[in-house]
Each structure stands twice: as structure tokens, then as C-alpha cells.
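Data block below; observations after.
Here, each number is a calculation from the coordinates, and none is a lab measurement. Given the structure is predicted, the values throughout are model-derived calculations rather than measurements. Here the Cβ positions follow ideal geometry from the backbone for every residue, glycine too, while neighbour counts run over all protein chains shown.
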Amino acid sequence: MDNSFIVLHEQYSQRINRLLTEYLANIDSSLLKEAMEYSLLAEGKRIRPFLVYATGQMFDCVLEKLDAPAAAIEAIHSYSLIHDDLPAMDNDELRRGRPTCHIKYGEATAILAGDALQSYGYSLIANIPNLSDNTKILMLKELSFASGVSGMCLGQSLDLQAEEKVITLDELELIHVHKTGALIKTAIRLGMFAAGDKAMQYQRELDNYAYCIGLAFQIQDDILDVIGNKNVMGKNQGVDKQLAKSTYTSLIGLENSIQACQRLYKQAIEALDKIPYNSHALTQLADFIITRNS
């Protein structure tokens with residue numbers, strides 16, 4: 001991972017943080033808004049907005065067309081984190097280096113903040129001024145599919161069902177392809193839709209890349225759950241072990257998990273190599289995913 005990625009990631013992160021702050025400023029003050037802001041504006045990796053921006057810009061799409069989709073998917077992601085941390089789910093007390101939303105504001109307000117962020121994400125796309133209605137519909141269909149019963153929510157449900165069970169590697173992969181991978185693929189597709197026909201002819205290659213980095217992201221999470229530093233990660237270690245969940249490290253071991261990440265990285269780069277545009281930013285992101293420590 002070279003310095004150009006660090007600079008670009010910082011630029012995209014600053015842009016999305018500024019936009020999210022501006023968008024939220026248009027909402028009337030309330031405890032609910034405060035809880036939404038607490039989670040949405042918390043310091044995070046902003047991987048999904050980065051994917052929207054980097055994919056769109058690879059095909060020369062202007063940033064202004066990518067802003068709302070990038071904000072929308074971060075709102076959906078933040079909603080999922082709030083709900084995932086709840087006592088009925090993972091019952092976690094630390095997220096992004098500070099108390100989780102339900103610890104800070106109470107369980108009821110946290111549930112409502114997650115609900116509000118979900119619908120807010122869709123409204124951001126519906127109100128984009130500089131995209132055609134057809135493109136907005138494509139984005140809304142994609143985001144709703146990836147977020148719901150066939151995507152992220154299914155993955156969360158399968159994850160809950162797998163607690164205190166030993167599941168197969170194929171079953172574990174199915175969980176993560178939906179729970180983590182669905183929104184990662186959608187982030188890339190949102191950037192692709194914004195860029196138009198020039199990008200959409202490479203959907204298969206972009207989907208293959210998304211699949212590989214989405215799964216690698218989760219395997220690296222499992223690795224960090226074993227060897228990571230809580231203070232660097234900003235969340236508690238060993239949560240999956242406490243919930244008796246199967247992980248890649250518990251099923252195939254730490255070293256094999258590291259090797260699996262490396263294989264997925266190689267496959268991701270092979271997919272990008274089939275696209276005759278500058279994919280350096282996406283290549284560097286794949287490298288970041290398998291080398292990150294938080």
C-alpha cells in the first residue's frame with residue numbers, strides 16, 4: 001500500500017464526513033437526531049464510500065454524482081452497526097473507539113436511530129438532483145436488495161442462528177457473503193451505476209472483485225479478533241468467541257486464514273486486471289483490507 005492510497009482515502013473520508021455533517025444539519029434537532037449523528041459521524045474507515053468514489057472515478061464520473069450514493073450507503077452501514085451491537089444481537093459495548101449507541105442513548109433510542117438512518121439512506125438517493133430517474137431507481141433497487149431479506153439482514157439472521165453451533169466453512173462463507181459482502185458489492189455497483197454504460201459493461205469483473213474483498217474483509221476481521229489490539233481496533237476482542245460463533249480462525253486456524261486472505265487478494269487483482277481503466281485505487285484498497293490492523 002503506497003502513500004497515494006493514504007492520501008486518496010483521507011480525501012474521500014474528509015469529503016464524506018463533511019457531506020454527512022451538512023446533510024444532517026438539515027434535520028430538526030432532537031434526541032433521535034443526536035443519536036443518529038453520534039453513530040454516523042463517529043470516526044470510521046469509510047470503506048463503502050471509498051468504493052463508491054473510487055469505482056465511479058475509475059470511469060471518469062464526477063464526484064458530485066457520487067456524493068449522495070456514498071452518503072447513503074454509509075447511513076445504511078451505520079444503521080446495521082447500531083442494530084448489530086444491540087443486546088438482542090451481539091450485545092457489544094464498544095464501537096469505533098467509544099460506547100455503542102444503545103449504551104450512550106438507551107436501547108429504544110438506538111433502535112429508532114438505526115431505523116431512521118435506514119430510511120434516511122434511501123431518501124438521499126431519491127433526492128439526488130443530478131442523476132436520471134432511471135439511475136436512481138437502479139440504485140434504490142440495488143441498495144434495498146442488498147440491505148434486506150436477500151442480503152445483509154439475511155446474513156445477520158444466519159449469523160444469529162449459528163451462535164453456539166459448529167457450522168461448515170461453506171455455511172460461514174454464506175453468512176459473510178450476505179452480512180458483509182452484500183453492501184460492499186452494492187457500494188461498487190452504486191459507483192458503477194453513477195458512471196453509466198461505460199462502467200456497467202464491466203459489472204461481472206467488478207462483482208468478482210467485490211466478492212473477493214468482501215470475504216477477505218471478514219476473514220481479516222476474524223484474524224484481528226484473535227491477534228488485534230483493542231485500542232487500535234476501537235472495539236472489543238473475542239466477541240465471537242464469547243458468543244460461541246464459528247469463525248475462519250476457529251474452523252481453519254490462524255495461518256490458513258491469513259493464506260485465504262492472500263488468495264482472495266490475488267483473485268481480486270486478477271478481476272481488476274480485466275478492466276482497461278485505471279484501477280489503482282481499488283487495487284490499493286484490496287491491499288489495505290488484508291493488511292489493516294483495525
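Distance between Cα centroids, region 83-116 to region 34-58: provide it in whole Å.
Going from one Cα centre to the other spans 18 Å.
Taking the chain as a Gaussian network, Cα atoms linked when under 10 Å apart, which of L174, L51, L215 shows the biggest mean-square fluctuation?
With Cα springs under 10 Å in the chain, the top fluctuation among L174, L51, L215 is at L174.
Place a +1 charge on the Cβ of each Lys and Arg in region 3-291 and a -1 charge on the Cβ of each Asp and Glu, then give the dipole magnitude about the Cα centre in debye, rounded to the nearest 20.
Roughly 440 debye, rounded to the nearest 20.
Within the chain, what is the longest stretch that has no trypsin sites (Lys or Arg not before Pro) placed in a DSSP loop and near at most 13 other beta-carbon atoms within 10 Å?
It works out to 1-164.
Simple spin-label model, 7 Å along Cα-to-Cβ: N127 to M200 in nm?
Reported label-point gap for N127 and M200 is 2.6 nm.
Given R₀ = 41 Å, what would the calculated FRET efficiency be for I227 paired with E34, taking r from the Cβ atoms and rounding to 0.05?
My answer for the efficiency is 0.70.
Past 18 Å, Cα to Cα: identify those pairs from K198/K274; K136/K179; K179/K245; K141/K185; K45/K65; K33/K185, in the order given.
Table pairs above 18 Å Cα-Cα are K136/K179; K45/K65; K33/K185.
Relative contact order for the chain: what percent, with Cα pairs under 8 Å and sequence separation of 6 or more?
Once divided by the residue count of the chain, the mean separation gives 21 percent.
For N278 and N256 in one chain, what is 0.36 nm times their gap in residues minus the Cα-Cα distance, to one decimal in nm?
Stretched fully, the N278-N256 segment lengthens by 4.7 nm.
Once the other residues with Cβ under 12 Å from the Cβ of A72 are scored (Lys, Arg +1; Asp, Glu -1), what is the net sum?
Charge balance near A72 sits at -1.
Kindly provide the GluC sites (Glu not before Pro) of region 18-53 that DSSP labels as loop, not H, G, I, E or B, and whose Cβ sees at most 15 other Cβ atoms within 10 Å.
E43
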